[in-house]
Amino acid sequence: MSLSMRADGLTGFVTLDNPPVNAIDKAMRDGLMEAVTWAERENFDRVIVTGAGRAFAAGADAKEFDGAALEPYLPDVCDAIERSFVPWIAAINGVALGGGAEIALACRMRIAGPRAQIGLPEVTLGVIPGAGGTQRAMRLCGLDKALDMIAFGRPLRAVDALKAGLIHAVEDDPVEAADMINTEELQCVVPTWELPAPAHDDAAFAAIRERLAQRSPGQIAPLRAVEVIEQGLSLPFAEAMKQERAAFMDLKQGDQSRALRHMFFAERAAKPPKNLPAAPELTEIAVVGGGTMGAGIAYACLSIGLPVTLLETDQDGVDRAEANIGKLIQSGMDRGRLSADGAQALRDRLTATTDYGKAANAPLAIEAAFEDMEVKKAIFAQLDAALSPGAVLATNTSYLDVDEIAASTRDPSRVLGLHFFAPAHIMRLLEIVKGAQTSDHALATGYALGKLLKKVPVLAGVCDGFIGNRIYSRYREAADTVFMDGSTPWEVDEAMENFGYAMGPYEVADLSGLDIGYAARRRQDATRDPNRRYIPIADRMVELGKLGKKVGAGWYRYPGGGGKVEDPIVADLALEEAHFAGIERTEYDEAQIIERLTLAMINEAADVLAEGIAQSAAGIDLVTVFGYGFPRWRGGLMHYADTIGVPHIVERITALQAEDPVAWKLSPVLADCAERGLNLAQWTQG
Ligand code: 3H9
């Protein structure tokens, strides 16, 4: 039944019980309906509802969203609770989210434990509260708070929920506190639906819509939530509930909700492969290199309580590493994330040194030095000699051959790639790169660190760029082709921003520095297919000293170090290059730009699957969303591809082959999917 019931005198106790987080499934809804009838039959004085384990209830069971809605529906359950003559009290022991919060809001009173959280995060799953949350929250905590909480899906801590008026009290033992409430006092509390709706406030609606346009562009659920709240202000409660339900049902079937649900479950399914041995206890970490990446990795490890030995080549390097980590600590303090004591504890856990011997006991070392094979080999030789034979040696390289690095050690089985993304203490993606000889022990160690750091781990094979950078390189190549053949960087950027990226590829390149891509292209010179069209325009930029934002000019200009402005010289550069190459330029519209750039990535990603570099389409989705800013609400690159459909993709790539048969060579995985009638999520190596 997903819940249990017991009586004690005049009190009925209902415990929601569907491990691990008491998601509300049909069985729980059945049970709640039965509990309402039971409490009335027994003529209880009250019902106290709480959750078993760590949660009150995490919301409606999102696994049920793919199928038809099953009775009894949650809004009816909430209504039954609210309108029962036996008053219900929610004793909120842990998280009460979505439908869980809606059950609580339908109760006559709400008492939360100190660590409880109450929230309506439905928009993060592409829907809106569908069981009265939009209507009851605004009656309890006012329009502004309700709009903020629902449109951004941010839960409130118990103390904040109390301040907002959403709950009645915070108590160490909410069940006991609910039992102690005076019966007359309880009877006097007005059911939420009977409270008046707040007055309309044009300014509040204008402000929330403006914030959403800036912070959640492209997403439909938050705007629908605002609309439903606005409509509800002037409708009778029951009518407003109907509007809410209709919007919820509509959104639930839509592409965005499907995509966001896919991401939710894919993120949680990102776990180590089965049968890996237990990882060693990570008592300390060695990090080699104190530049941006090394400092970020070290800071992330220090922040979760791990002692870090940071290894550098000389005293200048040590000083620079300490300064870089010091800046991150200071920024943590400035943002209120670190107290002065916490900052000191972090500093105390850090040893920056040139002496590899100080890292002798570390079970894991992560090299984050300059992207140069010889430099890396020299570092691995030192690590090999200094650390115990059981220690795992990881490289944070973005492109270099992990197998070649491993081959420079005495035991290549203990080497793997741990590819972090900048800023390493913030970005959630961690590519775990398995070399040809990487042992299960090394993999387990990499996953163990990923879990401690709360990263999203994705297993990758060895190739230039692994999963993410390889796909991103093709994206860049397609962007440069579009630019050379007809567009401007700002048209390309605008198109991709409208697609859902926070920034287009040219602005991103300006931020990272054009010299990074230049170095990567020089490394690829020797192995590049001579038949592949080469777009020289990014090289010209570097030759002209337009290295990006750091020098005030890249694809854009940054006058006075400020915001970006379009640079006509850059546009002319494409005209010039195209002229020399005898290219007749075409004007691409936004849809064509988006199509070319996304198809290029999809085709490359399909090759990544074909070669076993990624294990699954869902893994690629995680990489593109958590590492490269692909819009989450499109579900990641491969989910997006499946939304457009493989047959359409194959048809369009085949058509583009007329322009360039090499760049648009159809991936065998796409051809195979088309032939077998599969989508990319279903494809497995035959
Ligand atoms: C809703 O309520 C709609 C209503 O308004 C209207 C209805 C008519 N469904 O995250 P974790 C699973 S929409 C199904 O690793 P944590 C999760 O997949 C819902 N399953 O733990 C995982 O499974 P597994 C609005 C769910 O401690 C396991 O539980 N609610 C759901 O890090 C543990 O999860 C939300 O959006 C679910 N709703 O975090 C809240 N929730 O073990 C969504 C969790 O097989 N949930 N699971 O991998 C969360 O934010 C986090 O899970 C939570 C716990 C904070 C609760």
List the extent of the Cα atoms of the chain along each of their three principal axes, largest first, rounded to whole Å. 84, 61, 56
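State in Å² the accessible area per residue of the chain; use a 1.4 Å probe, count heavy atoms of protein chains only, and round to the nearest integer.
42
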Volume in Å³ per residue [convex hull over Cα atoms, computed for segment 292-349]: 71
Tell me the Rg and the Dmax, in Å, that the Cα atoms of segment 98-171 produce. 10.9, 33
Output row, site D144, 7 Å Cα→C-beta label point, backbone N cut-off 14 Å, window segment 188-220, residues 199, 201-208
Before rounding to the nearest 500, sum -39500 (n - 2.57) across all DSSP H runs of length at least 4 in the chain and divide by the residue total; then give [θ] at 222 nm in deg cm²/dmol. -15000 deg cm²/dmol
Return the Cα extents of segment 319-379 along principal axes one, two and three, sorted largest first, each rounded to a whole Å. 41, 26, 20
Value of D in µm² per second that Stokes-Einstein yields for segment 562-686, Kirkwood Rh from Cα pairs, at 20 °C (1.002 mPa s): 132
Would you mind telling me the share, in percent, of accessible area of the chain contributed by carbon and sulfur at probe 1.4 angstrom? 52
Per DSSP, loop trypsin sites (Lys or Arg not before Pro) in segment 445-541 with at most 14 further Cβ within 10 Å: K454, R528, R532, R533
If you add up the charges near E71, with Lys and Arg at +1 and Asp and Glu at -1, over every other residue whose beta carbon is less than 14 angstrom from its beta carbon, what do you get? -3
Viscosity 1.567 mPa s, 4 °C: Kirkwood-radius Stokes-Einstein D of segment 446-534 over Cα pairs, µm²/s: 85
In degrees, nearest ten, helix 74-83 long axis to first principal axis of the chain (Cα): 30
Cα centroid separation, segment 646-686 to segment 394-456 (Å): 31
Which percent of Cα-Cα pairs in segment 1-144 sits in each 10 Å bin, short to long? 13, 47, 34, 6, 0
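Between R41 and L195, what FRET efficiency comes out of the Förster formula 1/(1 + (r/R0)^6) with R0 = 30 Å and r the beta carbon distance, rounded to 0.05? Intermediate results must be reported in sequence, preceding the final value.
On the way: r = 28 Å, r/R0 = 0.95.
FRET efficiency, L195 to R41: 0.60.
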Please compute the Kirkwood hydrodynamic radius of segment 1-85 from all pairs of different C-alpha atoms, in Å with one decimal. 13.1
If the viscosity is 1.306 mPa s and the temperature 10 °C, what translational diffusion coefficient in µm²/s does Stokes-Einstein give for segment 14-59 when Rh comes from Kirkwood over Cα pairs? 144
How big is segment 245-403 by Rg and Dmax over its Cα atoms, in Å? 20.0, 66
Show me 490-502, 143-155 ranked by packing, highest mean number of other Cβ atoms within 10 Å first. 143-155, 490-502
Placing each pseudo-label 7 Å from Cα in the direction of the beta carbon, A385 and I426 end up separated by a distance in nanometres of 3.9
For segment 353-458, the count of lysine pairs 8 or more apart or interchain whose alpha-carbon atoms are under 21 Å apart comes to 7
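The values are calculated or read from the model by the stated rules, or taken from the named source; none is laboratory data. Given the structure is predicted, the values throughout are model-derived calculations rather than measurements. When we count neighbours, we look across all protein chains shown, and the Cβ atoms used for this are built from the backbone with ideal geometry, even at glycine. Accessible surface areas use protein heavy atoms only, side chains included; no ligands, DNA or RNA. Shrake-Rupley method; radii C 1.70, N 1.55, O 1.52, S 1.80 Å.
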